[in-house]
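Derivation of every value follows stated rules applied to the coordinates shown; laboratory data play no part. Source: prediction; values computed, not measured. So basically every Cβ, Gly included, is an ideal-geometry build from the backbone, and we count neighbours across all protein chains shown.
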Amino acid sequence: MHSRSSSLHLLSLAGWLVCCFTAAGIGAIASAQAPAFYSQLAKPGWAPPAWLFGPVWTLLYLLMAVAAWLVWRAYGTPTRRPALTAFVLQLALNALWSWVFFAWHQGGWALANIALLWLLIVVTIVLFWRARPLAAALLLPYLLWVSFASALTLAVWRMNPQLLGGG
């Protein structure tokens, strides 16, 4: 019986990894031309180089999947369902941001999207904390990165009104 339980736990972890990396893939489709577009943009001096985004996001998606998996395993916790619902909603907004910014070149909408994403991440962290504090802690680097990305989105949008729809 223990082997079956372990297999189910691994299968559910794989499911959350697929979920998170599918969202990453949807965003990556929109970002196919991102390096060329990003290189055209005026950026603040504190903007990271384009090559850094891939490794950072890979690590963050991995942490997000493990966090969701930990909450998924918190059977009987009253906040489990709302926590995972908030998680999936923020994941959808996460994928949408790349489309709004890189594919559709809408800086203002990208800023609105990332602000809502940030709020949903905070809600998710609070709900994850109630279900599994470690899961909430695993999302803190994600919140920090999205906080930084929010400031970068605002700065880049303001510096590039001609390419990002006003400023």
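Computed from the Cβ-Cβ distance with R0 of 22 Å, the FRET efficiency linking ALA103 to TRP51 stands at 0.60.
Tell me whether the range 72-163 comes out rounded, prolate or oblate; compute the Cα gyration tensor, take square roots of the eigenvalues as a ≥ b ≥ c, and use a/c under 1.5 as the rounded threshold.
Here the range 72-163 falls in the prolate category.
The string of couplings for the range 89-106 from the Karplus curve (6.51, -1.76, 1.60, θ = phi - 60°) is 5, 5, 5, 5, 5, 4, 5, 5, 3, 4, 5, 5, 7, 7, 8, 9, 6, 10 Hz, one whole number per residue in order, with x for Gly and Pro.
Here the chain yields Rg over Rh of 1.03, to two decimals, using C-alpha coordinates and the Kirkwood radius. Multiplying the residue separation of ALA14 and SER147 by 0.36 nm and subtracting their alpha-carbon distance yields 45.1 nm. Sequence-distant contacts, meaning Cα pairs under 8 Å at least 6 residues apart, place the relative contact order of the chain at 29 percent.
In this structure the amide hydrogen of GLY165, modeled in the peptide plane, comes within under 5 Å of the amide hydrogens of GLY107, none closer than 5 places in sequence on its chain.
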